[in-house]
Amino acid sequence: MKTFQGYHLIKPEDLSWQTSRMMKIPNADYLERTGSENLGARLWRLPPKSANTLHKHIRQEEFYFVLEGTGRMRVGDETLTVPRHGGVLVGPDQLRQVFNDTDGEVLWLIVGGRRKRISARAKTKPDMSLIYPPDPTQLPRELAGVEWPPKS
């Protein structure tokens with residue numbers, strides 16, 4: 001495993017915001033241009049009454065940190081409330097989902113090991129059922145009656 005050498009200053013204007021494919025959540029990858037092969041760090045800006053995917057990982061731990069607002073997430077069968085500047089470390093085998101059941105925006109910083117990109121030439125694709133449950137877009141009970149992601 002190659003490690004990054006030296007340092008790389010990342011300014012807010014260097015970030016490239018995009019919308020996630022599955023759940024339409026605005027996000028920006030802090031380390032995409034740095035050459036880091038071991039660490040990933042991404043901002044996730046959850047609009048009111050929204051949720052990210054329900055998922056877990058095979059090996060990757062993730063650290064969830066609330067920068068703005070009050071964070072809400074489910075880990076396994078538990079619902080957690082994470083105050084501004086609070087954090088949660090989640091092991092790879094735990095099903096997790098950040099969501100926002102408030103009327104304000106919530107900004108999360110999520111840090112974890114860099115996932116390997118799936119090559120189009122790979123002979124075997126990973127078993128996605130190990131990462132996503134049958135419906136990764138299912139919303140937590142706190143968002144019952146809410147329609148998310150928005151229809152385009």
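List residues of segment 77-104, by number, whose backbone nitrogen lies under 18 Å from a label position 7 Å along Cα→C-beta of Met22. What the label zone holds, given the 18 Å backbone N cut-off, is 77, 90-100.
Take the alpha carbon gyration tensor of segment 1-58, find the square roots of its eigenvalues, order them as a ≥ b ≥ c, and report rounded if a/c is under 1.5; if not, report prolate when a/b exceeds b/c, else oblate.
Working: a/c = 3.29, a/b = 1.57, b/c = 2.10.
It comes out oblate by the Cα gyration axes.
Spacing of the modelled spin labels on Phe4 and Leu107, each 7 Å from Cα toward Cβ, amounts to 1.9 nm. Of the whole protein surface, Ile10 contributes about 50 Å² of accessible area at a 1.4 Å probe radius. Annotation: Cα Rg of segment 40-150 relative to the compact-globule expectation 2.2 N^0.38 Å equals 1.09.
Which of the three applies to segment 28-69, rounded, prolate or oblate, going by the alpha-carbon gyration tensor with a ≥ b ≥ c and a/c under 1.5 meaning rounded? If you can, show how the numbers build up before the last one.
Numbers: a/c = 2.26, a/b = 1.38, b/c = 1.64.
Verdict is oblate for segment 28-69.
Ignoring any ligand, DNA or RNA, what whole percent of the accessible area of the chain comes from carbon and sulfur when the probe is 1.4 angstrom? List each step's numbers first, then the result.
Values: 5030 of 9630 Å².
Of the solvent-accessible surface of the chain, carbon and sulfur hold 52 percent.
Within the chain, what's the longest run with no trypsin sites (Lys or Arg not before Pro) in a DSSP loop and at most 13 other beta-carbon atoms within 10 Å? Give the range, please.
The longest uninterrupted stretch comes out as 85-114.
For q values of 0.15 Å⁻¹, compute log₁₀ I(q)/I(0) with the Debye formula on a Cα-only model of segment 36-96, without solvent. The Cα Debye sum returns log10 ratios of -0.48.
The values are calculated or read from the model by the stated rules, or taken from the named source; none is laboratory data. What you see is a predicted model; the values in this text were computed from it and never measured. Cβ atoms come from the backbone with ideal geometry, glycine included; neighbour counts cover every protein chain shown. All accessible areas refer to the heavy atoms of the entire protein, side chains included, with ligands and DNA or RNA removed. Shrake-Rupley method; radii C 1.70, N 1.55, O 1.52, S 1.80 Å.
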